[in-house]
Structures are given as C-alpha cells and as structure tokens.
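One structure is given below, encoded as structure tokens.
Each value in this text was obtained by applying a stated rule to the coordinates, not by laboratory testing. Everything numeric here is computed off the predicted structure, so don't read it as measured data. Cβ placement follows ideal geometry from the backbone for every residue including glycine, while neighbour counts extend to all protein chains displayed.
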Amino acid sequence: MNTVSMTDLEAIRERHSVRHYKEEKIGSEKISILNELIDSLNKEGDLHLQLIEDAGNTYNKLLNKAMGLGSAPSVIACVGKDDATLEERVGYYGQKLVLMAQKLGLNTCWAGTFNKKNIGAEVKDGERLVISIAIGYGKDFGKPHKSKSAEQVSEASGTAPEWFSKGIEMALLAPTAINQQKFLIRLGQDEKVEYIDKGGPFSKVDIGIVRCHFEIGSGRPQAPAKCD
Ligand SMILES: Cc1cc2nc3c(=O)[nH]c(=O)nc-3n(C[C@H](O)[C@H](O)[C@H](O)COP(=O)(O)O)c2cc1C
C-alpha cells in the first residue's frame, strides 16, 4: 500500500502488534515526520512523548525476550504531565503516532513490560513515564486479534445510528493490554458518547487508544479531557 495515500481507516485495519523486527533503522526522513507529529501531539495533549532511535536494552526483561520484543530497533517513551488523565491521554495521542507509523510502512507494539531504567527517556519534574511503544520494520505484519462482539462492548438505547456502529467496529480493532478489551462504549442522551473503563492492567491507556479508534470510525473527534 502506498504510504502517502493510506487513510486512518486503512491504517487501523492493517495494524497488528509486531514483536519481531529487522535490524534496519527507521531512516532520517521518517524520523523527521514522526518527530514533527510528536511535537504537535505533545502540545495538544500536554505530553512529553519521545522517539528514541536506539532502543538499546529497553526490552531486556525475560518476558520481552520470550515475546521477541528485544529485536525492536527503536522505541517511543510515553511520558507526560502526571495527573488523573495522563494514561488516557497517552493512549489517545500515542495511538495517533502508531497509526502514522503504520502509514509510513513501520510496525509497532505497545509494551507495558519494559526496562524503565534502560529506556533513556527524559522525565522532568511533575512528569511520569507510563508505557513504551516498540517501533521499527517488522519481520512480519502481525495478525488480527481475537475480538469481542459489538454487543459485548457497546450500549445504545434503541437502534444505534450508523456513525456509532462504525465507531464500535474500529474500537474493536484497537490494541488493548493482553487483548483484554475491557471497555464499554455507551451512547447516551443527545448523542453523547461515554467510555467506560472496566478495569485491568493499563485499562486507562486502553480507553485512550479505543477512543482514538472510535473517533476515526465515527468521524466525531473529541479529544480526552485534561486536568487544569
Ligand atoms: C496498554 C498496552 C500494553 C501492552 N503491553 C504489552 C507488553 O508488555 N508486551 C507485549 O508483547 N504486548 C503488549 N501489548 C500488545 C497487546 O498484547 C496487543 O495489542 C493485543 O494482544 C491485541 O493485538 P493487536 O495489537 O495485534 O491487535 C500491549 C498493548 C497495550 C494496548
């Protein structure tokens, strides 16, 4: 697929977690595109996302080695101003970056298991390092995950409008920690969409990722709240 013409919807459909990477580096042109996007997402989301070209020993934990992530050449450190909304903001804006990577022909994997000491991220006063995203050229493209049904993750009184169903379809393609899909999207009064976190590891990050996909599917963007 031509990377320039790939839409967000196509990127969502093509993206799967990739855990085995080639040694090939990302290359300066794509690094610049990613860094430009990172700058704007950081401003919009009050974040300090950082693309670290040399992942070094970020993925040297036993679990990483078992899953293959140790081969990732580069990593995105998801850091931001620490408040009650941080994890959801990281998920929402981080996933925009993941979709851009997909459009650029790169592969990714969100990873909650990584070596926080080795990642080499800058974490300023009042900030917190939440999670990492492995990035590079995959040896494979990953594969579709097993998924819950639309009925299991959504609620609408009466017949759901088409935009809502399209949003749910894309939300079900979102990556979630251990593929838990522990979220509920409810269509309330006045077409208000509510995202309900049903718990589990990194479930708040999941909610941000899911919200990003739902908005692309439904065509109704509404960025997550920030604390004052
Ligand atoms: C918040 C979050 C944390 C994750 N942590 C890890 C991890 O530590 N190690 C790993 O191999 N995969 C991790 N994943 C990837 C999930 O296992 C994967 O997204 C899920 O199985 C769905 O598969 P898919 O991404 O191919 O659609 C994580 C995903 C998310 C969203």
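Brief remarks on what is shown
- Measuring nothing but how far apart in sequence close Cα pairs (under 8 Å, 6+ apart) lie, relative to its length, the chain scores a relative contact order of 25 percent.
- Here the relative contact order of region 8-136, from alpha carbon pairs under 8 Å that lie six or more residues apart, stands at 35 percent.
- Mean-position separation - Cα centroids, region 1-47 and region 124-141, in angstrom: 12 Å
- Relative to the Cα centre, the charge distribution of region 8-136, modelled as +1 at Lys and Arg Cβ and -1 at Asp and Glu Cβ, gives a dipole magnitude of about 520 debye.
- When each of 220, 15 is scored by the number of other beta-carbon atoms lying within 10 Å, the sequence from fewest to most is 220, 15.
- Gyration tensor (alpha-carbon) shape descriptor, the chain, a/c threshold 1.5: prolate
- Under the convention that each Lys and Arg Cβ holds +1 and each Asp and Glu Cβ holds -1, the size of the dipole of the chain around its Cα centre is about 800 debye.
- Compared with the direct C-alpha span, the chain from residue 44 to residue 66 gains 4.3 nm at full extension, assuming 0.36 nm per residue.
- Sorted fewest first by neighbouring Cβ atoms within 10 angstrom, 100, 6 come out as 6, 100.
- Which of 135, 52 has the fewest Cβ neighbours within 10 Å, and the rest in rising order: 52, 135
- Farthest positive-ward along region 150-218 dipole, Cα basis, beta-carbon charges - from 189, 170, 200: 200
- Positive-end extreme of charge dipole, the chain - chosen from 52, 70, 224 (charges on Cβ): 70
- Residue 178/residue 83 FRET efficiency (R0 22 Å; Cβ-Cβ; nearest 0.05): 0.30
- Rounded if a/c under 1.5, otherwise prolate or oblate - region 65-118, Cα gyration tensor axes: oblate
- Of the chymotrypsin sites (Phe, Trp or Tyr not before Pro) in region 124-219, those whose Cβ has at most 12 other Cβ within 10 Å and which sit in DSSP loop: 141
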